Amino acid sequence: MNSAILVLSGPSGAGKSTIINKAAAEIGDFYFSVSTTTRAPREGEVEGKDYFFVSKEEFEKGIKNNEFLEYAIVHGNYYGTSLKPIQEALKEGKLVIFDIDVQGHRIIKKSLSDIMVSAFITPSNIEILEQRLKSRSSESLEIIQKRLQNAKEEIKAIGEYDFVILNDDIEEATKAFVAIANAARNKMSTQEAKEFIKKWLK
Ligand code: ADP
Ligand code: 5GP
């Protein structure tokens, strides 16, 4: 089985977590990259499943020790991807799914584009996004406004992604996500292509 990376980005409230959870049973064995963050846990979020929640000091220690494949400041908090579990999952031939912001995607694309597929998830307009953030009721109105402001910047990166998933209808969006996850599994890296050709011609 081919290892591969599937990067998902999109404004907060676009439906990334909902879609990953809904599609989980349909996309076979995969590893969801659990990020580390300095933001406070939301109600219902589980340490080690949704995020590793740490202090600013702990996060900065991780940066010094080169523990992160990438990290960024998003909405005023640190978020980062730990390198070690990703390396292990890739070694095991797994599909690794990242939910990271547009800055993280740019960083990863520089070194891993060969084994990576990316998708940007968004509802078709900002009014729907606002409704979703309000209905999730996990943040104050002030934080929601900050996230909406940020969404206006993030949307400018939509063209940097291989695919766009419009999440107006959750069933349609989940179907599109499953198709993209399957496509990611079939992506062949330059190294894998070389090995395949060598074997084929022997
Ligand atoms: P993200 O992980 O991108 O921040 P969430 O998955 O938490 O976003 O979704 C934000 C809110 O919108 C949640 O309350 C979720 O239940 C809701 N939601 C997601 N997709 C849809 C959809 N297609 N239609 C209606 N509500 C949705
Ligand atoms: P939230 O606070 O809503 O869970 O996430 C806020 C934003 O941070 C989202 O855009 C999400 O994709 C992004 N994010 C989550 N984990 C990481 C990470 O490890 N690295 C980067 N660069 N962004 C992340």
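Taken together, the residues in the stretch 65-87 that are surrounded by 16 or more Cβ atoms within 10 Å (Cβ to Cβ) and among the polar types (S, T, N, Q) amount to 2. Set side by side, the residues A25, A72 differ, and just one is aliphatic (A, V, I, L, M), within 25 Å of A184 (Cα to Cα) and more than 11 Å from ligand 2 (Cβ to nearest atom), which is A25. Check the stretch 176-194 and report whether any residue there is part of a helix (DSSP H, G or I), of a type in the set (S, T, N, Q) and within 14 Å of ligand 2 (Cβ to nearest atom). Scanning the stretch 176-194, I find no residue that is part of a helix (DSSP H, G or I), of a type in the set (S, T, N, Q) and within 14 Å of ligand 2 (Cβ to nearest atom), so the answer is no.
Among the residues of the stretch 154-164, those identified as more than 14 Å from ligand 2 (Cβ to nearest atom) and either of a type in the set (A, V, I, L, M) or part of a strand (DSSP E or B) (or both) are F163, V164.
Hey, can you tell me all the residues within the stretch 176-190 that are without any contact (Cβ under 8 Å) to a residue 60 or more places away in the chain and either under 15 Å from M116 (Cα atoms) or more than 12 Å from ligand 1 (Cβ to nearest atom) (or both)?
Within the stretch 176-190, A179 is the sole residue that qualifies.
Considering G44, G62, G93, the condition of being more than 26 Å from E160 (Cβ to Cβ), more than 18 Å from the chain's Cα centre (by Cα) and surrounded by 17 or more Cβ atoms within 10 Å (Cβ to Cβ) is satisfied by G62 alone.
The helices (runs of 4 or more DSSP H) falling completely within the stretch 40-133 that include 2 or more residues that are touching a residue at least 60 places away in the same chain (Cβ under 8 Å) map to 83-91, 102-112.
The set of residues from the stretch 1-23 being outside any loop (DSSP other than H, G, I, E, B), more than 6 Å from ligand 1 (Cβ to nearest atom), surrounded by fewer than 20 Cβ atoms within 10 Å (Cβ to Cβ) and modelled with pLDDT under 95 comprises just one member, N21. In summary, T190 fulfils each of the numbered conditions (1) out of contact with any helix residue (DSSP H, G or I) (no Cβ under 6 Å at 6 or more places or on another chain); (2) loosely packed, with under 10 Cβ neighbours inside 10 Å; (3) hydroxyl-bearing (S, T, Y) with the single exception of condition (1).
The values are calculated or read from the model by the stated rules, or taken from the named source; none is laboratory data. Source: prediction; values computed, not measured. Because the Cβ atoms are built from the backbone with ideal geometry, glycine has one as well, and the counts that use them run over all protein chains shown.
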